1. Please work out if A:Pro92 is at pLDDT 85 or above, assigned to a loop (DSSP other than H, G, I, E, B) and either surrounded by fewer than 16 Cβ atoms within 10 Å (Cβ to Cβ) or facing chain B (nearest Cβ under 9 Å) (or both).
2. How about segment A:283-296: which of its residues are crowded, with 21+ Cβ neighbours inside 10 Å and over 14 Å from A:Thr44 (Cα atoms)?
3. For segment A:235-257, how many residues meet the condition of being part of a strand (DSSP E or B), surrounded by 12 or more Cβ atoms within 10 Å (Cβ to Cβ) and not basic (Lys, Arg)?
4. Do we have any residue at all in segment A:200-217 that's surrounded by 15 or more Cβ atoms within 10 Å (Cβ to Cβ), at pLDDT below 85 and out of contact with any helix residue (DSSP H, G or I) (no Cβ under 9 Å at 6 or more places or on another chain)?
5. Step by step: first the residues of segment B:39-51, then only those that are within 13 Å of chain C (Cβ to nearest Cβ) and buried (at least 18 other Cβ atoms within 10 Å of the Cβ), then the one that is farthest from B:Asn86 (Cα to Cα). Which residue is that?
6. Determine if segment C:240-249 includes at least one residue that is closer than 19 Å to C:Pro152 by Cβ and not acidic (Asp, Glu).
7. Looking only at residues in segment C:1-49 that are of a type in the set (Ser, Thr, Tyr) and closer than 19 Å to B:Ser181 by Cβ, which one is farthest from the other protein chains (Cβ to nearest Cβ)?
8. Restricting segment C:130-143 to residues that are modelled with pLDDT of 85 or more and in a loop (DSSP other than H, G, I, E, B), which is surrounded by the fewest Cβ atoms within 10 Å (Cβ to Cβ)?
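The values are calculated or read from the model by the stated rules, or taken from the named source; none is laboratory data. All of these numbers come straight from a predicted model, not from anything done at the bench. All Cβ positions, even for glycine, are placed from backbone atoms using ideal geometry, and neighbour counts span all protein chains on display.
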Amino acid sequence: MSAPTIKLPAPLFARLSPHPFLLRNLTSAADPSRPATRTNGRGTQETRPLHAKASSLSHAHGSSLVRLGDTTVLCGVRGEVLPVERVPLFRPVDRGGVGLGRGELRDYDLLVPNIELATGSAPQFLPGVPPTALAQTLSTRVYSLLHSTGMVGVEDLRVWSKPAGGGEDTEMEGAGEGQEEEEGVKEEDRVVAYWVLYIDLLFVSFDGNPFDAAWAAVVAALRNTSLPVARWDPEREMVVCSRTEKRQLNVKGLPVACTAAVFEEKELGEVGTGVPEGRHWLLLDPDRLEETLCREAITMVVDCSDGETRIKSIEKQGGTAIGRELVRGFATIAEKRWKEVQGAMK
Amino acid sequence: MTATTAPKAALGVLPRSDGSAKYSHAGYTLTASVNGPIEAQRRDEHAYEAHVEVIVRPAAGVGGTRERHLESLLQSSLAQLILVKNFPRSLIQVVLQIEDSPENDYVNTKLVQASLNFAIMPALVQTAILALLSAGVPMRATATATAVAVVHQDGAKKMVVDPSPREVETASSVHVLAFTSHNGLLLAESEGDFTVGEWDDVYETAKEICCRSTPAKEGTAMVLDDEEPSATDMRQFLRSTMESKVAADLHWK
Amino acid sequence: MATGHPIVLPGETIDPSLIPSHPKNPLRLGPGLRHIPPTDIVPTVAGQLITNPAKNSMWIEYNSNRYIPTPSDLILTQILRSTTDAYLCLLSPHTAPATLPHLAFEGATKKTRPVLQPGQLVYARVALANKHMDAELECVSAATGKADGLGPVGNPAAGSGGCAFDVSLGFARRLLMARSRAEGGVGVLEMLAGEEGGGLAFETAVGRNGRVWVGSESARTVVLVGRALQETDRGGLGLEGQRRLVRRLVREMR
């Protein structure tokens, strides 16, 4: 093997011809027995550690800051009361009735995620442009996943005209106002308002794998969310919130997203019969350089909090390298990732 | 109600575009137009390959974030099929107009959002592929797609192919899978709550619909045969559609 | 459809028995096929596979809605706008415009060049057509310096603008054949001018890009001829069908 006559520093090589750069790192020509290493020093199946910090914002009802390597996301959850009179096409709900929990959340748009990729978080995000396709895609994915996982129950977001069950809530508001209670008995118990959760995500810095980071931030922020106790004031005919009392939002399960990108040696379909197919590598938790070089990606969302691994979502697009076997195998990888993230969320 | 309807397609419906297709299946009707290769805008220009642009237009109103998501999924899939390296610095534009979607069963619902994309994905893929074929855009392979829902009913698990919006709502999980004509898994989108084993079953069902390897001649009889458990064989449908199109095209050869 | 010319879809494998194998000549691949080293030949478009063992060549016959310029094709184009030394002309709705130099007309010099307004139809010949380049047109024969019937068609100011009709590319090709009735099976124009049509007086300019201009003193005739062409094209009518169509149209128009 002849040594190259011109020596380029690694960052320049990466900038000039990124594909061969990553390929050479993975194949590590010097020692074939060594496991493949990526340009960022990680193994192919090695993820960046996830750091999650809860309640980092003082004015939001729930918030989190998640770091995944150099990808940093800030998530704030803010609840706002939406009286039912302002809900178009509102259908009354019976207490204790089965209802259409998912339907309500979706129909009245009670969960509103929004993602912003801050200018300067990565070179490709320019100031003063409308939301990029990436930001819109991420919002849609978070939105669908929030609904399909059913993490937030609609019961937590309903505000009734009469406090539930007469438990500790009654003590709080009772305070000698017997008259009000009498009236409450006559009046039929009904939903008077909903909490709408505005879930805003801001990418402070962006270095690949935005969805995993964004989703982890959403989960961490929701687990951190406490909404003020709200009750119906029949005299003023409006919903009032307690200044002091707060109730923790019940978050069901802990779905964790795990993304991998496929790096291909050769282009798909360019191989004739008799020629071995190009190799490909599954790069877990890809960074920004790797994402630009990979067309195919898979994201699997799993939840192992009930002991059994339940898959909540699979999104695979952009190529054909990932077949049935790889998807099945990826479930095990996602399971491992779930344990890591679960540890970080504690 | 919709699961048994056979897909219908008409090609070359728009006179001014390079290729077009109208496709209806499972309650959805879409029209696609393909133009390409045409001149690309500066920001979309790639030095070595054509830029594939997909635009999804909803039946009413303007597209929102949901359409952007569908566009990005289709874009990444179609760019795999089209020989983009043949047309450097140009643009291949695919516009998909949703014309009709199945009625929602609920009375009081506002337009159903995000989850709807699952049921419409296969129709989008099929229409785009047909329009690309009609435009004669060079491609590596064709693709077929289908949607499968897993419905738990009376304690038993059931697979529903091409689910209606109502079935999507009640299903425990919904899956969309697309296969290339080389039997590669091109696109896999799943949502809901399921296990690896269930996904495996779904894969089998979808593959049966998308990639049944029927010999060309007997295949025609099989499609007409109503006793077949899964009535539609997407690949055969694609083939017979193209055969009649090519025959019509070459009449004045 | 003959079994010798199967219909293929992109990415399908071609039956090896269909691939011509000539001992000496190299295999020539035409449009719609690509070669993946070392041995695979794969179609890239949907169409009919045609092989020619004598020339050891194979290609795919397909038809898109788009005209691809080829040198010496006669086409009917529309002026978009004028630049300093050329007109930009529209060949088909979505392609980049072709250029028609101001000097590519009969007897044109720097001082006496024809002035054409945007929208003017021009019957021209493709002079130059390369991949990845805009096509170039001419309205004059480079050898003789004569127009040979090329140039702007129709004169809207004089009230004889005529009308351009869209037909399929294959049909336009047949119309352009020297003996289109005998070889191409298209006799509709002859019939309209002949006894079936009662000797209608009109002129046509058939463009290979799927556009036909029809001009006549009477607007009625223009519409009649245009309809006859389009119905023949879409219906794929045979000679007998064309005769019936012409008779019916003439009767209806009276």
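1. no
2. Answer for segment A:283-296, where residues must be crowded, with 21+ Cβ neighbours inside 10 Å and over 14 Å from A:Thr44 (Cα atoms): just A:Glu296.
3. Result for segment A:235-257: 10.
4. Within segment A:200-217, none of the residues are surrounded by 15 or more Cβ atoms within 10 Å (Cβ to Cβ), at pLDDT below 85 and out of contact with any helix residue (DSSP H, G or I) (no Cβ under 9 Å at 6 or more places or on another chain).
5. Per the criteria, the residue is B:Ala40.
6. No, every residue in segment C:240-249 fails to be closer than 19 Å to C:Pro152 by Cβ and not acidic (Asp, Glu).
7. That would be C:Thr13.
8. C:Asn130
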